[in-house]
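The values are calculated or read from the model by the stated rules, or taken from the named source; none is laboratory data. Quantities reported herein were computed from a predicted structural model and do not represent experimental measurements. Don't worry about glycine lacking a Cβ; one is built from the backbone with ideal geometry, like all the others, and counts go over all protein chains shown.
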Amino acid sequence: MRKSKIFDSLLAEIRACTVCAPHLALGPRPILRGQPSAGLLIISQAPGIRVHETGLSFDDRSGERLRDWMGIDRQTFYDETRVAVMPIGFCYPGRDAKGGDLPPRPECAPLWHARLRRFFPAVELTLLVGRYAIDYYLPRFGRPSMTETIARWPGFLPEYFVLPHPSWHTLRWVSNNPWFENEAVPELRRRVGQTLNPTLRSAPCPRR
């Protein structure tokens with residue numbers, strides 16, 4: 001079987017997954033995107049309710065904020081030949097008693113991520129967006145506060161760029177930590193730009 005057909009078969013298997021169905025109030029709807037040619041991989045947390053409804057990754061205000069941090073437009077973001085999106089949990093997990101979103105289902109990433117990532121050999125930069133993505137891919141760094149983790153962003157390069165989740169909850173954090181927009185965001189935009197447009201390659205980022 002050709003590799004492209006194996007990849008398509010894996011996507012179909014993921015999109016038909018019902019492993020977590022008993023725990024999902026709105027039922028399973030796995031949402032992910034990307035083609036093997038993608039140079040940029042975004043590993044996020046889990047779809048929100050709007051994304052569950054539309055079936056389109058980051059089709060909400062969090063997505064607008066993330067695209068602003070990245071310095072790219074909507075058309076570029078949704079070009080699956082260049083950008084792939086793989087949440088820690090592919091399905092909307094539902095809401096907790098306080099009205100916030102539940103954590104991603106723990107069954108999902110161990111079941112699918114390793115198998116899926118093998119089909120993205122062109123990835124040069126992976127964005128780890130939010131606590132759950134960071135903890136899954138960088139477990140050896142323990143669990144310091146989000147501020148401590150994001151402040152260490154240069155140390156995870158060139159493979160990973162760590163980011164807070166771009167939800168409205170992060171607005172106050174960004175305001176209280178101006179170094180994020182003054183130092184991390186410009187470097188994020190540079191790295192994303194050179195990943196998506198190799199002609200933009202330039203000097204490595206300064207160490208903090």
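Summary of computed values
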item	result
Top-ranked residue of segment 88-109 - restricted to ones that are among the basic types (Lys, Arg) and in a loop (DSSP other than H, G, I, E, B), ranked as farthest from His169 (Cα to Cα)	Arg105
Conditions (1) touching a Leu at 6+ places or on another chain (Cβ under 8 Å); (2) touching a residue at least 60 places away in the same chain (Cβ under 8 Å); (3) of a type outside the set (A, V, I, L, M); (4) surrounded by 22 or more Cβ atoms within 10 Å (Cβ to Cβ): number failed by Arg82	(4)
Hits in segment 179-208 - residues which are part of a loop (DSSP other than H, G, I, E, B) and at pLDDT 65 or above	Asn197
Elements of type helices (runs of 4 or more DSSP H) in segment 1-73, at least 1 residues being free of Cβ contacts under 8 Å to residues at least 12 places away in the same chain, under 12 Å from Tyr92 (Cβ atoms) and of a type in the set (Asp, Glu)	49-54
Pairs where the first residue, in segment 126-137, is outside any strand (DSSP E or B) and the second is β-branched (Val, Ile, Thr) and surrounded by 23 or more Cβ atoms within 10 Å (Cβ to Cβ), C-beta under 7 Å, 6+ apart	Tyr132/Ile88; Ala133/Ile43; Ala133/Ile88; Ile134/Val162; Tyr136/Ile88; Tyr137/Ile43
